[in-house]
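Read the structure below first, then the notes.
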Amino acid sequence: MSQADRIKLEPGWKAALADEFAKPYMQELSEFLRREKAAGKTIYPPGPEIFNALNSTPLDRVKVVVIGQDPYHGDGQAHGLCFSVRPGVAIPPSLVNIFKELKRDLNIDPPGHGCLQAWADQGVLLLNTSLTVQSGLAGSHAKVGWQRFTDRIIEVVSANRPHVVFLLWGAHAQAKQSLIDPTKHLLLKSPHPSPLSAHRGFIGNGHFSLANRFLQQNGLEPIDWSLSEADLA
């Protein structure tokens with residue numbers, strides 16, 4: 001059985017990424033994660049949620065891509081969607097600022113939770129460029145192979161989907177723009193929503209309304225960016 005066959009992955013993504021799973025670096029990445037767990041290290045998110053972004057947003061439904069960095073490294077936070085936390089977990093500072101811009105841009109009130117699953121279900125691919133992290137150590141898995149894999153995901157979206165909006169917040173996300181065909185897609189760039197940089201242009205970027213305008217201009221359903229307690233049911 002190949003590595004791709006062992007992984008529970010949405011069929012469209014599995015077909016598009018089958019060649020990638022067969023490459024040596026992905027075998028090495030799998031071995032690395034096994035060794036880390038065997039050594040007693042806590043890895044986030046839990047194994048079944050490592051590919052949650054892909055499983056939540058099938059390739060043939062991707063309309064918007066948000067590029068994050070690595071998963072949250074605190075207990076119970078990460079669940080495989082960038083910027084999102086599980087229901088009941090305190091809303092992280094960057095997500096607080098995302099909600100502030102939503103309120104300013106579209107007059108959408110902040111929800112009482114930080115779970116973005118409802119966005120993913122509508123076609124917003126919430127992709128971290130590293131899909132795992134060691135507990136308490138930000139960036140700890142940034143150089144173990146995930147970047148190559150997630151770069152390929154971005155290339156696959158660019159090549160196979162029409163009229164996608166890429167939200168490139170901060171230098172890390174903007175470094176990925178060379179993977180995206182700007183003649184097909186809309187690239188929206190601003191500073192990162194982190195409290196360290198949000199005041200330098202994230203707040204006021206208007207990306208949520210601009211994304212929906214582009215989707216509608218191309219005959220696609222806009223994203224309902226509102227979130228509610230009902231989304232958690």
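The values are calculated or read from the model by the stated rules, or taken from the named source; none is laboratory data. Since the structure is predicted, the reported quantities are computational estimates derived from the model, not experimental observations. Note that we place each Cβ from the backbone using ideal geometry, even for glycine, and neighbour counts take in every protein chain shown. Calculation scope for accessible area: heavy atoms of the full protein, side chains included, ligands and nucleic acids excluded. Shrake-Rupley method; radii C 1.70, N 1.55, O 1.52, S 1.80 Å.
Could you tell me whether any residue of the range 85-102 is among the acidic types (D, E) and either surrounded by 15 or more Cβ atoms within 10 Å (Cβ to Cβ) or not in a helix (DSSP H, G or I) (or both)?
Pass one, the range 85-102, residues among the acidic types (D, E): 101.
From what's left, either surrounded by 15 or more Cβ atoms within 10 Å (Cβ to Cβ) or not in a helix (DSSP H, G or I) (or both): 101.
Yes, the range 85-102 contains at least one residue that is among the acidic types (D, E) and either surrounded by 15 or more Cβ atoms within 10 Å (Cβ to Cβ) or not in a helix (DSSP H, G or I) (or both).
All of D70, D109, D105, D75 fail the test of being within 22 Å of K189 (Cβ to Cβ), part of a loop (DSSP other than H, G, I, E, B) and open to solvent by 20 Å² or more (accessible area, probe 1.4 Å), apart from D70. Just one of the numbered conditions (1) open to solvent by 70 Å² or more (accessible area, probe 1.4 Å); (2) part of a helix (DSSP H, G or I); (3) more than 26 Å from D121 (Cβ to Cβ) is not true of S30: (1).
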